[in-house]
Amino acid sequence: MKKHFHSVKEKLISLIDFFYPLFNKVMDKQSFHYAACGGSNTIFDITLYFITYNFILLKQVIHIGAFAISPHIAAFLFTFPLTFLSGYTLMRYIVFPESTGTRKRVQISRYLFVVFICILLNYGFLKLFVEVFGWWPLPSKLATTFFVVAFSYFSQKKFAFRTQPI
C-alpha cells in the first residue's frame with residue numbers, strides 16, 4: 001500500500017511540476033504546488049457541493065429530530081469531511097513535504113485548528129451571503145471559497161505546516 005501511495009504521490013508531483021515553468025516567474029514552486037493542490041481540491045469541493053445541493057438534497061431542508069438544517073448548510077456539512085481528507089493529504093505530502101518530519105500529533109492539532117476556523121468562516125459567510133444578502137447558494141459558495149482559501153493559505157504556511165517551533 002505504501003509503495004502504491006508513493007507512486008501516486010510522485011506522479012502527482014511530476015504532473016504539477018510539468019506546468020510549473022509557465023508560472024516560475026510569478027511564484028515559487030511551493031506556492032505553485034499549493035495553488036495546484038488547493039485549486040484542484042477547491043474544484044472538487046465546489047463540484048461536490050453543487051451535486052449534493054442540487055441532486056442529493058434536492059434543495060430541501062433536512063429535518064433531524066427537532067433540528068432543521070438548510071440545504072446550503074447541509075451540503076457544506078456533507079462535502080466538508082471528504083474535501084478535508086483530500087486537502088490534508090495533498091498539503092502534507094505534496095505541498096509541505098518537509099513538514100512530514102514534524103510530529104503528526106502536533107501537525108494534526110494545528111491543521112484541525114485552522115480547519116475549525118475555516119468551518120466557522122464557511123458557515124458565517126454562507127449564512128451571510130444566502131440568508132442576509134439573498135444570494136443564490138452556488139455564487140455564495142464561490143465567494144465564500146475565495147475568502148476562506150486566502151485565510152487557509154497563510155494559516156497553513158505559517159502555522160499548520162510550519163517546521164520550526166512556534
Which one of these does LYS59 not meet: (1) loosely packed, with under 11 Cβ neighbours inside 10 Å; (2) on the phi > 0 side of the Ramachandran plot? (1)
Tell me yes or no: at least one residue of the stretch 64-71 is touching a helix residue (DSSP H, G or I) at 6+ places or on another chain (Cβ under 9 Å) and either under 19 Å from LEU142 (Cβ atoms) or at pLDDT below 95 (or both). yes
Condition check: modelled with pLDDT of 95 or more and either under 11 Å from the mean Cα position of the chain (by Cα) or polar (S, T, N, Q) (or both). Does THR83 satisfy that? no
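The values are calculated or read from the model by the stated rules, or taken from the named source; none is laboratory data. What you see is a predicted model; the values in this text were computed from it and never measured. In this analysis, Cβ positions are derived from the backbone assuming ideal geometry, glycine residues included, and neighbour counts consider all displayed protein chains.
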